[in-house]
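Rule-based calculations on the coordinates, nothing more; no lab input. Note that this is a predicted model, so its numbers are computed, not measured. With ideal geometry, Cβ positions are generated from the backbone for all residues, glycine too; neighbour counts draw on all protein chains shown.
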Amino acid sequence: METIFIGGLLASAIRIATPLILGALGGLISERAGIFAVGIEGMMLAGAFGASIATFATDSVVAGLAVAILAGMLPAALVAVAVTRFRSDQMVTGLAINVLAFGLTGFLIRGLFDGRPPAIRIALLRPLSVPFLSDLPAVGPILFQQPILTYGAVAFALLLHVFLCRTSMGLALRATGESPEAVFAAGNDPVAIRQVAVLVCGAIAGLGGAVLVLQDVGTFTDGMTGGRGFLALSALIVGRWNPLGTLASCLIFGAASALEVRIQGVDLPVNSYVIQMMPYAIALIVLAGLGRGTRMPQAIGRAYHTG
Amino acid sequence: MFPLEKVGLPTRVSEPDAKKNLLAREHVRNSAAIRSACRAIIAVLLALLVTSIPILLSGKSPSLAYWSLLKGALGSLDNVAFALNKCTPYILTATGVALCFRAGMINIGGEGQIAIGALVASWVALNASGPPFLIVFLALAGGVIAGAVWAGIAAAIRLTRGVHEVLSTLLLNFIGVLVVSAMLNGSMGEEGAGFPQSPLFEDRVLLPKLISGYELHVGFIIALAVAVLAQILLWRTRFGFQLRLLGGSRPAADYAGVSFAAGVMAVMLLGGGLAGLAGAIEVLGVHYRLIEGFSQGFGFTAVAVALLGAADPLVVIPAALFFGFLQAGALAMQREVGVPSSLIFVIQGLSTVFALCAVGLDRRRRV
C-alpha cells in the first residue's frame, strides 16, 4: 500500500512536471541569451490554446503540437521585437505579454465560435510503456510508463545540456547572455542570437502548453496555465540556469503538486491550500537561501546596442 | 582640459543664473511630463487600432464594440459611479508602483499585497468592536500595515539575500492569494455559502458613500488625495529627491550619502501600504465581504497603469481612469454587441507593450 502510494505519487509527479519542464527549458534558452523570460506564462497559454483548437479541429496530435509551437512563437515574436529593437523593459514586457495572451485566447475561444466557447474534449495521450525497462521493479512503473511527451521533455533537457556545454552555437548563446559586446567582437550578431533565442523559447513553452492540454486537461479554459509559467520561471532560477538543475527543480515542484492532488480526501491536519503554497514557498526559500550565490547571466535585462 | 563653455554648461553659477536654472529645470520637467502623456495617448490609440483586428476576425464591428464599451463605462451616472469605484484600487496601487519605479524597484506584488491588506481589513471589520468610524479607520490602517509588511518581506529578501524583487514579489503574490483562500475555506469563511467568502460585514463598518443614492464610495477621494500627496512627496521633498536619485543613478546616490537599503525599504513599504489600502477599500467599499479571487490581475494592471502614467502620480490618475473604465464597460460590451469581455485584456496588454516600446525609443533617441 505504502509503496504503491509513493510509486503513484512519483509517477504522477513526473507527468505533472512535464509542462513545467518545457516552459522552464524554453525560458532557460531565453535567459541564457540575456532576455528575462517573464512571458513564459503567456507563451504556454498561447500554446495550450493552439494545441486544443488544432487538435479539436483536425483530430491529429501532430497538428496540435505544430500549431502550439507556432502559437507560442507569436507572443515570443512580439517580445523579441520589443526588447531588442525598441529596447523595452524586459520584465514588464513579459508581464504585458501574459495579459495579452490571457485576453486574446479568452477572446478568440469565444469570438471565433459565435460568442460561446465550444465544448472541446480531447482524448488524453495514454502512458507508453518502454519495453523491458517498464518491467523493472519499483523504478519501472515510475520512470518508464509515461506519456510520450514526458519522455520528450526529459530528453530535451539532456540535449539542451549537451547543446549549451558542448557546441559552439551553445557557447555563442551563453556568451550573448554574459557579454553581448564580446559576441559582437567575435563576429556574431548578438541581437539576432537573442531574437532567435526568444523565438525558440516561445516554441518550447508553447509545447509545454500543448502538453498541459494533451496529457493533463483535455480541453481549453481561460487562463488554464494558472501560474505554471511563473513556477517554471522559478524552477529555472532555482535550477541556476542549467538544464539538469532546472529539470530537477521542476520535478520537485511537480511532486508538491502531485501531493496536493493526492491528499485531497485524506483527512490531514494541514489545509490543502498550504500544500498548494508549497511550490511557491519552496522557490522563495531556495532563492533566498542561494542568495547572492545565484549568478544570473551577467548581461541579462540589459539591452544591447552597437555604438 | 575639456572646455565646459563649449558644451553649454556654465562654469560658475551666479545668483540670477541659479534662478534661471531652476526655471529651466521646471521647464524640462514639464516638457517631460507632456512628452510622456503624448506617449501614453499614442500607445493607447495604437492598441485600440490593433485590437480591432481580432474584433473584425470575430465578425463584429470595432467601432460598435468601442462605442458600447464607452457607453457601458460612462453612459449614466450610475455607470460613472461604478466605473470610478473600479478605478480606485488602480490609482492607489499604481501610485505605489510608480514610487517604486522612481526608486528603480519593480514591485509587481500588488496582487498579493492587496489580498493580504483586504484579509486583515476584513478580519478587523468582522471582529473589532467600538464606534463605527474607529473600526473603519482601524480596518483601513490594518490593510495598510499588512500590505506594507507583505512588500517589506520582498524588500528584506532583496536587501539581505540579493534576490530580485520581481521574483520575490511575484512568488509572494501566489502565497498571499493562497493565504486568503486558506482563511476563507477555514476559520473566516461563511458557513454554507458554497463559495469561499467571508460573512457580510455589518452595515455600520462599511465605507461611506460619497453621494447618497450612488455607489461611489469615499475611497475614490482617498485615492485622489494619495496620488496628489505622492506627487508632492516625489517632487517637492528631500525624500522624493533621494528616491529619484536612487532610481536615476546608484553611484550618484552612494556619493551623495543616500542609503540604498533605507530607500528601498521605505519605498517598498510605501508601495505595499498603498496596495494594502486598496485591498481594504475594495472589501469595505465594494464587496462588503472578503471574496476568493477578488484581487485577480490587480497587481499587473497596476504596473501597466504606472507605466502608462510614466511613473508620475498625477499622470497615473488618468491612466487608472482609462483602465478602470475599460473594466467597467467590458460587461456592457459583451452583453450588448456580443464581443467577449476578455477583449479589454488585449487592449491593456497591447497598450502596455506599445508604451514600453515608446519609452525605449525615446531613451534611445536621447542617448
Quiz prompt | Percent of Cα-Cα distances greater than 39 Å, calculated over the protein assembly as shown | solution = 33
Quiz item: What is the order of B:D203, A:D189, B:D312, A:D59, fewest Cβ neighbours within 10 Å to most?
Solution: B:D203, A:D59, A:D189, B:D312
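What shape does the stretch B:208-349 take by its C-alpha gyration tensor, where a ≥ b ≥ c are the square roots of the eigenvalues and a/c under 1.5 counts as rounded, a/b above b/c as prolate, and the rest as oblate? Let's see the in-between values first.
Values: a/c = 2.40, a/b = 1.82, b/c = 1.32.
It is prolate, given that a/c is not under 1.5 and a/b is the larger ratio.
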Quiz item: How would you rank B:K20, B:K86, going from fewest to most other Cβ atoms within 10 Å of each one's own Cβ?
Solution: B:K20, B:K86
Quiz item: Using alpha carbons only, how many degrees (0 to 90, rounded to 10) separate the axis of helix A:228-238 from the longest principal axis of chain A?
Solution: 70
Exercise. State the number of lysine pairs found in the protein assembly as shown whose Cα atoms come within less than 27 Å, restricting to pairs 8 or more positions apart or on distinct chains.
Key: 7
Practice problem: Rounded to the nearest Å, what's the spacing between the alpha carbon centres of the stretch A:105-123 and the stretch B:223-258? Just the number, please. | Solution: 48
Quiz item: Once fully extended, how much extra length lies between B:S259 and B:V50, figured as 0.36 nm per residue of separation less the alpha-carbon to alpha-carbon distance?
Solution: 70.8 nm
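Using a 10 Å cut-off on Cβ to Cβ distances, tally the other chain neighbours for every residue of B:156-166 and report the average as a whole number. Before the final figure, lay out the partial values.
Values: counts 1, 5, 1, 0, 3, 8, 7, 10, 8, 1, 9.
If you average over the peptide's residues, the count of other-chain Cβ atoms is 5.
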Exercise. Kindly identify the stretch A:1-159 as rounded, prolate or oblate by the Cα gyration tensor criterion: order the square roots of the eigenvalues as a ≥ b ≥ c, call it rounded if a/c is under 1.5, otherwise compare a/b with b/c, prolate if a/b is larger, else oblate.
Key: oblate
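How shielded is B:298-309 by partner chains, expressed as the average number of their Cβ atoms within 10 Å of its Cβ atoms? Provide the component values of the computation, followed by the final result.
On the way: counts 0, 1, 6, 1, 0, 5, 4, 0, 1, 5, 0, 0.
Mean partner-chain Cβ count within 10 Å for B:298-309: 2.
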Self-check item: Per-bin percent of Cα-Cα distances, the stretch B:111-240 [5 Å]
Solution: 2, 10, 13, 16, 19, 17, 12, 7, 3, 1, 0
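Once you have a ≥ b ≥ c as the square roots of the Cα gyration tensor eigenvalues for chain B, tell me rounded if a/c is under 1.5, and otherwise prolate or oblate according to whether a/b is larger than b/c.
Numbers: a/c = 1.95, a/b = 1.34, b/c = 1.46.
It is oblate, given that a/c is not under 1.5 and a/b is not larger than b/c.
Can you compute the helix-only [θ] at 222 nm over chain A? Use -39500 (n - 2.57) per DSSP H run of at least 4 residues, normalise by all residues, nearest 500 deg cm²/dmol.
Numbers: 12 runs with 210 residues, N = 307.
Theoretical 222 nm ellipticity from helices: -23000 deg cm²/dmol.
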